[in-house]
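First comes the structure, then the notes that go with it.
Bear in mind that the values in this text are calculations on the coordinates, not laboratory data. Since we're looking at a predicted model, the values are computed, not measured. Please note: Cβ atoms are built from the backbone with ideal geometry, for glycine as well, and neighbour counts cover all protein chains shown.
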Number of protein chains: 2
Amino acid sequence: MSEMDTIIMNTLDITQDKVDYILKRNHAQNKAIEDAVAHILDDVRLNGDAAVLKYTEKFDKVALETLVVSASEIEEGYKSVDGDFIETLTEARDNIENYHRHQISKTWIKDFSPGVRLGQLITPIDRVGLYVPGGKAGYPSTVLMDAVPAKVAGVKSIVLITPPGKDGKVNPYILAAAKIAGVDEIYKVGGAQGVAALAYGTESIKPVNKIVGPGNIYVATAKKQVFGKVDIDMIAGPSEICIIAGSDANPDFIAADLLSQAEHDEMASSMLITWDEKLAHETKKSVYAQMEELSRKDIMKKSIEDNGKIFLVDDIDSAIALSNLIAPEHLEIMVDDPESLLSKITNAGAVFLGSYTPEPIGDYFAGPNHTLPTSGTAKFSSPLGVYDFVKRSSVLHYSKKSLESVKDKVADFAEREGFTSHANAVRRRFND
Amino acid sequence: MSEMDTIIMNTLDITQDKVDYILKRNHAQNKAIEDAVAHILDDVRLNGDAAVLKYTEKFDKVALETLVVSASEIEEGYKSVDGDFIETLTEARDNIENYHRHQISKTWIKDFSPGVRLGQLITPIDRVGLYVPGGKAGYPSTVLMDAVPAKVAGVKSIVLITPPGKDGKVNPYILAAAKIAGVDEIYKVGGAQGVAALAYGTESIKPVNKIVGPGNIYVATAKKQVFGKVDIDMIAGPSEICIIAGSDANPDFIAADLLSQAEHDEMASSMLITWDEKLAHETKKSVYAQMEELSRKDIMKKSIEDNGKIFLVDDIDSAIALSNLIAPEHLEIMVDDPESLLSKITNAGAVFLGSYTPEPIGDYFAGPNHTLPTSGTAKFSSPLGVYDFVKRSSVLHYSKKSLESVKDKVADFAEREGFTSHANAVRRRFND
């Protein structure tokens, strides 16, 4: 195993191909996983709860009698969490709600010309499913980040699924966060079988219109396969952080933030871009030093040495150009007056400005969503938001007179595309 | 072959399962097509232009030397179109632009509390691909509807692909519309190979970040398979119209509008919902009478008899409930004061109000987009719009003091999820 890479990138070296090569970003499909998932989806579609319970026993090692988490189980979970953390969860929920309220769009209709009214309805999606990963820890932050924007959007039924532990129970932090966020239904099911149950419905789970939330490769593949039957959010890859830092930045802060991503998993990517060689050197030293004191050292070391990068560039403009090609999930900017650089940032999931905005403040508390585009998908997708839980409908009204004034153009256009019945629909109204 | 169905639906009969059964909506995958498409995608990814040219010769029956449509070809195509139609295209472009300007969202940043600034950047996607189907007619309306919102969003490179004719040329209407809409690059390529070229890039086509536009089952399957590498719009199914009409509605207008969808293809779905038996009867009579006079009779007859439906319901509320479960691509409402019903419409691609707003006015001219969610996907997706061509980035800034005031809560939250390095990133800033 080699040490964390330092890569010198001259301005002319900064190209998309080079970035993709260095970051080992590729999009090969895994046929074995795709086939395994397709089989599970079919089974659940045809056999409902029986298939779901079978896979739950197989993968989660627990034989459940029901998938439903009862009201009393939720209450019990909530009560088992200490008051301090309930307070923190509630404060986080309020912050998330306050921020996301700014994402609400409103229905509008207006006159565009005499007799012509056009507009756009905005309506909430009726029923959405949230996938919350299981595992020892339980991720109450994911529950808040996924459920609160849905609530703000006005979704009527928010359905949470999460794999049960071997004891058949759901982590109490998840239950507490679900109660605080206003989740309507909770089921003990995960994996591809959980995604299938949400998409197709079973005896105990009514189908949803959209599925969001992070999961492993089986969950991600299942989401992709049910896309079209339901909507999904972007498929999540490994976590990433990219830090642009100038000479005044504190290498210990940078190192701590790089390690906070590295602890997620060995595939996570922690990157520093700087034009200051001394800072690059000191950051690397601090990364190795801090690692020793932290509990997930093995994961972090492998992550940092496999996927951690320090890019030495010519200047701040090159740093921004490189970051825009990376399109990182999290971008921290530690330079003087970082807000003045925002207009140059074209691709990033979330931007953290200054030395006292470490990425974890966004994961848990500040308000903006922590479900962010990874693996360069910030080039075309957005943080999870209220806009993900609504849909739009166009509205059109023409008066008789206003239709008459354009009827020949519209009918002619239709005929040129070969659609004579379209032309007929316009002309017949005027006995043409 | 039987006549157009009339189905009596009592209010209690109106359920999602019943609707899906009657409309034969299912989401089975076609394994043979998926495998064929996956093979083409792999081939283009590995072999670039050579593979694209090979498939173009195989499927489009033309051996091209280059995929690029030159500036002089575009100019020549544009000049070959008569001035009247250029004027109509330009007016349509202006209407589409005027409407879509209302969909622009703006970057914002504001103080949420002392020392805490949060916001959202809105930036255009850098490079998008538009798929425009080929065929004898050429669809300039599709070019305008896909390109204009991208232009309004500020997309830098708008790339159009369309399959060439057997003469190796692109339909002049498409070239004229592309010039009027401000398309930046045009390539002669269609099918799964075209989607692959846009997603992965070849020697002559730089990869794009998002692919939109309608296509056949091969195009739709290819879009689904490249989703993740690039973003895509919703996958389009057969066209649909649903008309809610009361006693005063004109059966000839209704019939004409039903037929305008039916002429698209035999899979298209034309539906009337009414509580007036006489109107149902007269509409059906008019459908068969008008069909005789129109040029696509065979397609329309099969479409109407396979997939056309007249639903007889108890009252207007039942009509709306049924329509909301159908979630039609196009919804026409022909009753008194149709705008007053809008607040009850939960699922529809576009809503056409009153007797003089036939669906074709939306296809060609009014301004709202004609790329709309089909097959019930209006439950979770929206007309193509400016919002499809931008992405958002969260912005966060905390001052030292504001971070200090919440550091313990944030660090505690992180630790409860098992992320000690996240906690370290916060605490280390205060030497905790």
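Pairs with C-alpha atoms separated by more than 25 Å, drawn from the list A:Lys110/B:Lys106; A:Lys24/A:Lys301; A:Lys188/B:Lys407, are A:Lys188/B:Lys407. Calculated FRET efficiency, B:Asp337 to A:Glu91, Cβ-Cβ distance, R0 = 35 Å: about 0.15 to the nearest 0.05.
Projecting 7 Å from Cα along the Cα-to-Cβ direction, the label point of B:Asp167 sits 7.7 nm from its equivalents in the other copies, listed shortest first. A:Lys61 label point (Cα plus 7 Å toward Cβ) to equivalent points in the other copies: 6.2 nm, shortest first. With a 10 Å cut-off around each Cβ of B:259-265, the average count of Cβ atoms from other chains is 4.
Beyond 46 Å, the tail of the calculated P(r) for the protein assembly as shown holds 26 percent of the Cα pairs. Grab the other residues whose beta carbon is less than 10 angstrom from that of B:Ile7, score K and R as +1, D and E as -1, and report the net. Charge balance in the 10 Å sphere: 0.
Under a 5 Å amide H cut-off, with hydrogens placed 1.01 Å from N, A:Gly215 pairs with A:Ala236 among residues at least 5 apart or on other chains. In chain B, the DSSP-assigned H stretches of four residues or longer account for a calculated mean residue ellipticity at 222 nm of -14000 deg cm²/dmol, using -39500 (n - 2.57) per stretch and the full residue count as denominator. Other residues within the sphere of radius under 12 Å centred on the Cβ of B:Asp233, judged by their own Cβ, net out at -1 (K and R +1, D and E -1).
Taking every alpha-carbon pair under 8 Å whose residues sit at least 6 apart, region A:31-232 reaches a relative contact order of 28 percent.
Remark: label point of A:Glu3 defined 7 Å out from Cα along the Cα-Cβ vector; separations to the same position in other copies 8.7 nm, ascending. The trypsin sites (Lys or Arg not before Pro) of region A:93-127 meeting both criteria, a DSSP state outside H, G, I, E and B (loop) and at most 15 other C-beta atoms within 10 angstrom of the site's C-beta, are A:Lys106.
Note on B:Phe430 and B:Ala36: the extension gain reaches 136.0 nm, defined as 0.36 nm multiplied by sequence separation minus the Cα-Cα distance.
For peptide B:405-413, the mean count of partner chain Cβ atoms within 10 Å of a residue's Cβ comes to 6.
Normalised by the number of residues in chain A, the mean separation of alpha-carbon contacts (under 8 Å, six or more apart) gives a relative contact order of 21 percent. Counting only DSSP beta bridges whose two residues both lie in the protein assembly as shown, roughly 25 percent are antiparallel. Comparing Cα centroids, region A:204-218 and region B:373-410 end up 20 angstrom apart.
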